[in-house]
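A.B. asks: One structure is given below, represented as structure tokens, and several questions about it will come after.
Values quoted throughout were computed directly from the atomic coordinates according to the rules given, and no laboratory measurement underlies them. These numbers were taken from a predicted model, which means no experiment stands behind them. Glycine also receives a Cβ, built like all others from the backbone with ideal geometry; neighbour counts cover every protein chain displayed.
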């Protein structure tokens, strides 16, 4: 039960950050580079969802009992592309409509997603026999960095 509370706390923080970012500034970038980054984030999210299959993942970092380990496509390189997609898509919104509170919210989002993915990976190692091997051949969030 305790692990469920923590899992949903990660989700609550994540969505609170996203709502605060959306509510305190523009939703669409006004620069070419910003539109490009937002589009890249949305595209990465859509590709990740398509390759994961909608019924195979939870918003909470809890593996589905009947879930399948996906290691192809974008998941071949990045284990958490949906988290990366959120960060890529929101970054231009923070930069273009910059305030210290908005930056603080984005930094909280980054830390929350990093803690969430570590938590999720502990559960995924227990749930999927091949997850530990998969971890050795892919990046958590940013290829060649982390």
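A.B. asks: Let me see the pair-distance distribution of region 26-88: every alpha carbon pair, 10 Å bin width, integer percents in order.
C.D. replies: Histogram of Cα-Cα distances, whole percents per bin: 21, 47, 23, 9, 0.
A.B. asks: OK, next. Going 7 Å from the Cα of residue 114 in the Cα-to-Cβ direction, what parts of region 69-87 have a backbone nitrogen less than 19 Å from that spot?
C.D. replies: 78-87
A.B. asks: A follow-up question, please. Determine the calculated [θ] at 222 nm for the chain from helices alone, applying -39500 (n - 2.57) to every DSSP H run no shorter than 4 residues and normalising by the residue count; nearest 500 deg cm²/dmol.
C.D. replies: -21500 deg cm²/dmol
A.B. asks: Say each of residue 65 and residue 107 gets a label point 7 Å from the Cα, pointing the same way as Cα to Cβ; how far apart are those two points in nm?
C.D. replies: 4.3
A.B. asks: Under the definition of Cα pairs under 8 Å and six or more residues apart, what whole-number percent is the relative contact order of the chain? Don't skip to the answer; put the middle values down first.
C.D. replies: On the way: 150 pairs, mean separation 50.1, N = 146.
Reported relative contact order: 34 percent.
A.B. asks: Could you give the angle, 0 to 90 degrees to the nearest 10, between helix 81-96's Cα long axis and the longest principal axis of the Cα atoms of the chain?
C.D. replies: It works out to around 10 degrees.
A.B. asks: Taking the Cα-to-Cβ direction at residue 129 and at residue 6 and moving 7 Å from each Cα, how far apart do the two end points lie in nm?
C.D. replies: Going from the residue 129 label point to the residue 6 one covers 2.7 nm.
A.B. asks: Using only the alpha-carbon atoms of the chain, report the extent along each of the three principal axes, biggest first, to the nearest angstrom.
C.D. replies: 45, 33, 28
A.B. asks: Okay, moving on. Once the piece of chain linking residue 95 and residue 144 is laid out straight, how much longer is it, given 0.36 nm per residue of separation minus the C-alpha distance between them?
C.D. replies: Values: separation 49, 0.36 × 49 = 17.64 nm, distance 2.42 nm.
Extra length available between residue 95 and residue 144 comes to 15.2 nm.
A.B. asks: Also: Among 116, 133, 26, which one moves the most in a GNM of the chain with springs linking Cα atoms closer than 10 Å?
C.D. replies: The residue that fluctuates most here is 133.
A.B. asks: Output the relative contact order of region 19-79, whole-number percent, from Cα pairs under 8 angstrom with separation of 6+ residues.
C.D. replies: 23
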